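The values are calculated or read from the model by the stated rules, or taken from the named source; none is laboratory data. Please read all numbers here as calculations on a predicted model, not as lab measurements. In this analysis, Cβ positions are derived from the backbone assuming ideal geometry, glycine residues included, and neighbour counts consider all displayed protein chains.
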Amino acid sequence: MTARSWRTAVVYGVVCSVTLSLAVAGTTKRRHQHGAHVHGTATLNIAIEERTATIEFISPAESVIGFEHQATSAADQNRQAMALDLLRNKIGSMVVFDPALGCSFSPTKVDVMQQDKEHAEVHSTFAVSCHTPLAGSKLHFGFAKIFPAIQTVNVQLVAATQQVGMSIKQDKGELEVPR
Ligand SMILES: [Zn+2]
């Protein structure tokens, strides 16, 4: 996969999520739109190459940590650290590969990026290494089980030959890795 195709996938994901958020605006009371992010809606980019994958997960901090102001108090810092640990440790229960593939996950980046005074995002990347090639396998999702505030995850998956995308709501649905 080239850097260009990754960028195309990311841009497509952004356009897609904007369209989706417009479509659902007003249907959920807690939904709150500000600039690029919508609370309750996260983005998942997956790049697959044979037996390995790179996962990028971006979410409004509110949906993972519970707040978006800068964590200055000890209580907020503790809450933030616990949420980020949960993300690091449970990513394999949120992006669920077929257990038969023998995949292991390792976080390469888990950060809070302050957007402005009121909004922040969690940006994270993970390296996935599996015993068996991933083509043709099915992916399931478990975000809402770990972080109940995450209602929707806009997924873009880029494999060697093609890219596929879908919007996962409340963890429902599956995505097949293209052959
Ligand atoms: Zn926000």
**Prompt:** What single numbered condition from (1) over 30 Å from Lys138 (Cβ atoms); (2) away from the ligand (no atom under 12 Å from the Cβ) fails to hold for Phe67?
**Reply:** (2)
**Prompt:** among the β-branched types (Val, Ile, Thr) and away from the ligand (no atom under 16 Å from the Cβ): does that describe Val38?
**Reply:** no
**Asked** Can you tell which of Ile48, Ile91 is surrounded by 13 or more Cβ atoms within 10 Å (Cβ to Cβ), part of a strand (DSSP E or B), modelled with pLDDT of 95 or more and of a type in the set (A, V, I, L, M, F, W, C)?
**Response** Ile48
**Prompt:** Pairs, please: C-beta under 8 Å, at least 6 apart or cross-chain, first residue touching a residue at least 60 places away in the same chain (Cβ under 8 Å) and in the range 110-122, second part of a strand (DSSP E or B) and of a type in the set (Ser, Thr, Tyr)?
**Reply:** Glu121/Ser59; Val122/Ser59
**Asked** Is it fair to say Gly165 is within 15 Å of Ile46 (Cα to Cα), assigned to a helix (DSSP H, G or I) and not charged (D, E, K, R)?
**Response** no
**Looking only at the range 109-138, and only at residues there that are over 21 Å from Ile150 (Cβ atoms) and assigned to a strand (DSSP E or B), the one that is farthest from the ligand (Cβ to nearest atom)** = Ser129
**Message:** Suppose the filter is touching a residue at least 40 places away in the same chain (Cβ under 8 Å) and hydroxyl-bearing (Ser, Thr, Tyr); does Ser104 pass it?
**Reply:** no
